[in-house]
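The structure appears right after this line, and notes come after that.
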Amino acid sequence: MRPFIAPSLLSADFARLGEAAKLAEEAGADLIHVDIMDGHFVPSLSFGPQLIASLKKILKIPVWAHLMVEKPDNFIFQFYEAGTDWLSIHLEASQHIHREIIQIKELKIKAGLALNPGTPIHFMIDILKDLDFVLLMTVDPGWGGQTLIESTRNKIRLLKNWIKGQNLEIPVAIDGGVTVDNMADLIKDGVDIFVAGATIFGHEDPAAVIRQMKEIALGGGTL
């Protein structure tokens, strides 16, 4: 299966989020990515479960909530009730990561673990087999429009080889600095899911960018 494209609403016009999400779906997006920021784990504030519930009323594709919050266990059930399909939490934000990942899976939501650029992948050694996907931050989290940190590409390759070496089938997602110019190389590195915000919604024709990214995805890479 080709790599997935997950447009991030953090870079869309906040006054027209529903329109932006619907446009992305109609252009061929595979997921809609929503960054949930609490002003503590990251400096910014963004959305809550109400946005997820509203998006679920108008979208057919899955909605992915990325919790960039302290104490994510306080929020998991709220986002489940809102209709979240995919949920990622940060390894750096919890002291009980295994319990929280299992809680998400028991709610029949796809459970993902996110790692900041400076967090070594071996920190997830005891939880990897329980994950539905891994999200590697390729920029420091908190705001959109940043340039991909080149050193994270080696991290992608290491993680992909580690997953294959354990005979697991866990998609690797990245978030931050994705462009149409670096996608092909990132697919070769092993990326299965691309979260992209500014590249898509910062363009005058977001739908055209999504279609171009889909064409690149069809050129290689598998889930």
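A short reminder: the numbers here are calculations on the coordinates, not readings from a lab. Source: prediction; values computed, not measured. Using ideal geometry, Cβ is built from the backbone for each residue, glycine included, and neighbour counts are taken over all protein chains shown.
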**Prompt:** Within the chain, what percent of beta bridges assigned by DSSP are antiparallel, to the nearest 5?
**Reply:** 5 percent
**Item:** Debye equation applied to the C-alpha atoms of region 1-98, log10 I(q)/I(0) at 0.20 Å⁻¹
**Value:** -0.98
**Complete:** Farthest towards the positive end of the dipole of the chain, among 52, 124, 7 and with Cβ unit charges of +1 on Lys and Arg and -1 on Asp and Glu, lies the Cα of 124
**Prompt:** What are the extents of the Cα atoms of region 125-165 along their three principal axes, listed from largest to smallest and rounded to whole Å?
**Reply:** 32, 19, 13
**Message:** Please give the Cα centre distance for region 17-89 versus region 117-194, rounded to the nearest Å.
**Reply:** 20 Å
**Fill in**
Restricted to region 63-179, the DSSP antiparallel beta bridge percent, nearest 5, is 0 percent
**Request:** Would you kindly calculate the mean projected area, averaged across all directions, of the convex hull enclosing the Cα atoms of the chain, in square nanometres?
**Result:** 10.8 nm²
**Item:** Out-of-range pairs (alpha-carbon distance over 30 Å; input 22/160; 56/188; 57/155; 56/214)
**Value:** 22/160; 56/188; 57/155
